[in-house]
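Okay, structure first, notes after.
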Amino acid sequence: MKIHEYQAKQLLKAAGVTVPEGIVAKTPDEAAAAFEQLGGSLAVVKSQIHAGGRGKGRFKEHPEQAGVVLVRSAAEARENAERMLGSTLVTIQTGEEGKQVNTLLIEEGLDIASELYLGVIVDRAAGGVVVMMSSEGGTEIEKVAHETPEKILTASVLPGFGLQAAQARRLAYQLGLDANALASAQAFLPKLVQFFVDNDCTQVEINPLVVTGDGQFVALDAKVGFDDNALFRHKQFLELRDLNEEDESEVRAADAGLSYVKLDGSIGCLVNGAGLAMSTMDLIKYHGGEPANFLDVGGGANVEQVTEAFRIILADENVKAVLVNIFGGIMKCDVIVEALLAAYDQVGFTVPLVVRLEGTNVEKAREMLSASGKDIIPATDLTDAAKKVVGSISA
């Protein structure tokens, strides 16, 4: 689960991590009042969407307007807010459709001496939490990793011990920071890592992490994501969820207990099992098609879930065919087919439907499909299914 920058900074501040003073604004007048309340001669007006690259992004309605701007008066804050609020911001991470800005964060200006990159992630290869830092703050870390990987420094976190002060000092020293910044790193970095661990985060990214003129670390930006599977331990975070930032079909699927991710292709997929779903998508691509989604109905899907799954898939206007790929293990094939046929009647199909079945009671299930009289294309194996569903579009 992702949250907005202003929400992330509120949580980080409560955890003892230094962030700029900031005020949330939802109207132009609130933006102007926030500038006055901050009391300085410089402030930053920042669009709040679940995407990076906001500073370089531009609004569809106002191409001259950036998603993050410096302002030097309450009037400037109001004028920029008027253009930003309710407009669609397009960044490198939103795609051409962009995202509508409904909230702004007005922050104090800082005396910035340098900008760094800081990220905390779960590294599956290392089998634990890893801290990444780079002198290339404010840029896309993916570009840095590709072109100058030697500029990315890492430190592994020993489970149960957190990031040690010596590790924090070493990272700061390797970045060429002065004595004041070394001391600030020793306080700042362990707190951030502890926040990551305590809250079951999947990502905490500070880009840029700034070093002020007096050598203090401050999180100028903050991107935080939480592990959905651990939210039962952190139910307070559910209040921070912004459904306007999430794909409607993915929200529907989650409410129905389905694992669904929307993609850009034209072949809808309904599969039981995450690994099988990935293999299904791979074979569709191998045979010249493009999957429209990842959808795992799990091992105990019922009629209601299968019906909702079909409705979600067919609500995507790009879907030109559907492939159902079921391996009956815990859930028997005939039970799946019973649910599938009931869902078929309720939803109604206007695109080709290819069904591949394997596993427990598969012969009985195939007989049920054949006897149903419905316009369903059977497949003998996964390769056959992929070829048939791709062929049904090109035919």
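The values are calculated or read from the model by the stated rules, or taken from the named source; none is laboratory data. These figures come from a predicted structure and were not determined experimentally. Methodologically, a virtual Cβ is constructed for each residue, glycine included, from the backbone with ideal geometry; neighbour enumeration extends over all protein chains shown.
Before moving on, here are some points about what is shown:
- Subset of segment 187-239 (residues that are basic (Lys, Arg) and either closer than 23 Å to residue 22 by Cβ or touching a residue at least 12 places away in the same chain (Cβ under 8 Å) (or both)): 191, 223, 233
- Scanning segment 42-67 for residues that are within 11 Å of residue 103 (Cα to Cα) and aliphatic (A, V, I, L, M) returns 45, 49.
- Put simply, of 315, 321, 309 the only residue that is farther than 18 Å from residue 359 by Cβ, small (Gly, Ala, Ser) and in contact with a Pro (Cβ under 9 Å, 6 or more places away or on another chain) is 321.
- Each residue in segment 259-269 was checked for being surrounded by fewer than 18 Cβ atoms within 10 Å (Cβ to Cβ), within 21 Å of residue 393 (Cβ to Cβ) and among the small types (Gly, Ala, Ser), and 0 pass.
- The residues of segment 232-258 that are surrounded by 14 or more Cβ atoms within 10 Å (Cβ to Cβ), at pLDDT 90 or above and out of contact with any His (no Cβ under 9 Å at 6 or more places or on another chain), listed by number, are 234, 237.
- Residues of segment 275-325 satisfying the condition of being under 17 Å from residue 351 (Cα atoms), charged (D, E, K, R) and in contact with a Ser or Thr (Cβ under 9 Å, 6 or more places away or on another chain): 290, 316, 320
- Within segment 20-41, being under 16 Å from residue 102 (Cα atoms), charged (D, E, K, R) and not in a loop (DSSP other than H, G, I, E, B) holds for 29, 30.
- Filter result for residue 191 (basic (Lys, Arg), within 28 Å of residue 242 (Cα to Cα) and outside the structural domain of residue 69 (by TED's automatic domain parsing)): yes
- Verdict on residue 97 being among the charged types (D, E, K, R), closer than 30 Å to residue 60 by Cβ and out of contact with any Gly (no Cβ under 7 Å at 6 or more places or on another chain): yes
- Matching residues, segment 42-65, being assigned to a strand (DSSP E or B) and crowded, with 19+ Cβ neighbours inside 10 Å: 43, 44, 45, 46, 47, 59
- Test: residue in segment 97-118 that is of a type outside the set (Asp, Glu), modelled with pLDDT under 90, touching a Lys or Arg at 6+ places or on another chain (Cβ under 8 Å) and not assigned by TED's automatic domain parsing to the domain that holds residue 170: no
- Of the residues examined, residue 342 is one that is hydrophobic (A, V, I, L, M, F, W, C), assigned to a helix (DSSP H, G or I) and surrounded by 14 or more Cβ atoms within 10 Å (Cβ to Cβ).
- Count of segment 1-19 residues which are crowded, with 20+ Cβ neighbours inside 10 Å, assigned to a loop (DSSP other than H, G, I, E, B) and not aliphatic (A, V, I, L, M): 1
- Considering segment 321-334, and only residues there that are of a type outside the set (Gly, Ala, Ser) and surrounded by fewer than 18 Cβ atoms within 10 Å (Cβ to Cβ), the residue that is modelled with the lowest pLDDT turns out to be 330.
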